[in-house]
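First the structure, in the form of structure tokens, and then the observations on it.
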Amino acid sequence: MPKREHIFDSHALLKLFQKEKGYEGVVRLLESINKAGSAKYINAINLGEIIYSTKREFGDQKKIEVLAAIERLGFTVLSVSNNLIFQAAEYKAVYSISYADCFILASAVEHNASIVTGDPEFKKVARLADIVWV
């Protein structure tokens, strides 16, 4: 795998942490990224999605475990600048994808990173960023 940056959608990480169907592909991708020495990102907005959905579904203990796993896996959490907010809003105005997904897209474009997801919503914007489907 070439040394390319990757930004993970909450969909991919929730699949991993909840051991949903296909999570092994996420594990293999993470191993490959680590071997290549590539950066792994998660946007702060999408981290928030992981936090609230994990807490709602499994409670505070699991939420803490997931946050620790994200840190242990070496993810860089990307902050949300005004420019990113404005770009995400532009994407939301044009494409019918969730606002949180617009932040992933804007971050991917800004960092020239591949989006790691299994969320079919991203098919609508696949021409704007490289997508690694899991």
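Our summary gives the range 40-134 a relative contact order of 25 percent, counting only alpha carbon pairs under 8 angstrom and 6 or more residues apart. Diffusion coefficient (Stokes-Einstein, Kirkwood radius over C-alpha pairs, 25 °C, 0.890 mPa s) for the range 6-133: 166 µm²/s, rounded to a whole number. Electrostatic bookkeeping for GLU57 treats Lys and Arg as +1 and Asp and Glu as -1; over the other residues with beta carbon under 15 Å from its beta carbon, the sum is +2. Phi angles across the range 118-129 convert, under the Karplus curve 6.51 cos²θ - 1.76 cosθ + 1.60 with θ = phi - 60°, into 3J(HN,Hα) values of x, 6, x, 4, 6, 4, 5, 10, 4, 6, 8, 8 Hz, Gly and Pro given as x.
Using the Cβ-Cβ distance between LEU128 and GLU65 with R0 set to 35 Å, the FRET efficiency works out to roughly 0.55. Between the range 1-43 and the range 86-121, what is the separation of their alpha carbon centroids in Å? The range 1-43 and the range 86-121 have Cα centres separated by 17 Å. In order along the range 4-17, the phi-based Karplus estimate (6.51 cos²θ - 1.76 cosθ + 1.60, θ = phi - 60°) of 3J(HN,Hα) comes to 10, 6, 10, 10, 8, 6, 4, 4, 5, 6, 5, 4, 5, 5 Hz; Gly and Pro are listed as x. Where only DSSP H runs of four or more residues are counted, the chain gives -18000 deg cm²/dmol as its mean residue ellipticity at 222 nm, each run worth -39500 (n - 2.57). Can you flag which of LYS35/LYS92; LYS15/LYS35; LYS35/LYS55 are past 28 Å Cα-Cα? Long pairs (Cα-Cα over 28 Å): LYS35/LYS92; LYS35/LYS55.
FYI, it's all coordinate maths here, none of it is from the lab. This one's a predicted model, so the numbers in the text were calculated from it and none came from an experiment. Note that each Cβ is placed from the backbone with ideal geometry, even for glycine, and that neighbours are counted across all protein chains shown.
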